[in-house]
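Structure first, then comments.
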Amino acid sequence: MPLINFHSERLNATMEVHFEEFAKIDLSKIITIPCDCKSGIYKVKVTYGRFIESIEFQEYELKPHRKVKIIEDNNIDYRYKSVERTSLNSFLIENPDFDDVIFIKNGLLTDASYSNIALFDGKNWFTPESCLLEGVKRRSLLESGKIKKKEIRVNDLHDFSKIAFINAMRDFEMTYNFQIENENMFLNLTQEK
């Protein structure tokens, strides 16, 4: 399972913040892939409190983005991965004509609702310094040097020609050219692996 060590580290760091006492968890030792999930793409959902509560396997479909709403919210906070996504999901519900939303916090680009983002300036890929959630794929791409961190404001978007939505299930399988009109981002698929 790719990135499993990063997932374990993030899970344990989250538990350390929320619980005085807990036993460290190594996800590679407790997750067993069921036979019916060995082909295809599956997302593993681990629900936990002080202990692991459940492990679920869900088929994953890589969905394209076509139209993304840019929303400013200076109060949004999602620094710990959680099943409680009401604040993030409410923006999608309020904007049903859009495939996703990208959040601006304190004037800076952060993340989309289900992913970190990376922007291409013609030479390098950059991810916003001010992400909402330190995603494991983002961390992996940063450590490998494939992307770099940069403070990015909405007005800086014209400096970039492409965008990618990255999370544990996706990185550069789909990249998009984009144009901005008002607070809307319109995307055209440029690459699909």
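Figures for the structure shown
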| read-out | value |
| --- | --- |
| Test for Leu109: is it in the same structural domain as Arg138 (by TED's automatic domain parsing), touching a strand residue (DSSP E or B) at 6+ places or on another chain (Cβ under 9 Å) and without any contact (Cβ under 8 Å) to a residue 40 or more places away in the chain | no |
| Sole residue being without any contact (Cβ under 8 Å) to a residue 60 or more places away in the chain, more than 19 Å from Glu129 (Cα to Cα) and in the same structural domain as Lys81 (by TED's automatic domain parsing), chosen from Glu151, Glu173, Glu181 | Glu181 |
| Check on Arg66, in contact with a Ser or Thr (Cβ under 9 Å, 6 or more places away or on another chain) and not aliphatic (A, V, I, L, M) | no |
| Residue within the stretch 77-90 that is under 23 Å from Asn184 (Cβ atoms) and in contact with a strand residue (DSSP E or B) (Cβ under 9 Å, 6 or more places away or on another chain) present | yes |
| Single unsatisfied condition, Asp111 versus (1) in contact with a helix residue (DSSP H, G or I) (Cβ under 8 Å, 6 or more places away or on another chain); (2) closer than 24 Å to Thr14 by Cβ; (3) not small (Gly, Ala, Ser) | (1) |
| Cross-chain or 6+ apart pairs with Cβ under 6 Å, the stretch 116-143 first and outside the structural domain of Met174 (by TED's automatic domain parsing), then surrounded by fewer than 20 Cβ atoms within 10 Å (Cβ to Cβ) | none |
| Failed condition for Glu61, given (1) without any contact (Cβ under 8 Å) to a residue 40 or more places away in the chain; (2) more than 30 Å from Asn184 (Cα to Cα); (3) exposed (fewer than 12 other Cβ atoms within 10 Å of the Cβ) | (2) |
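The values are calculated or read from the model by the stated rules, or taken from the named source; none is laboratory data. Computed from a prediction, not measured in an experiment: that's the story for all the values here. Ideal geometry is used to build each Cβ from the backbone, glycine not excepted, and the neighbour counts take in all protein chains shown.
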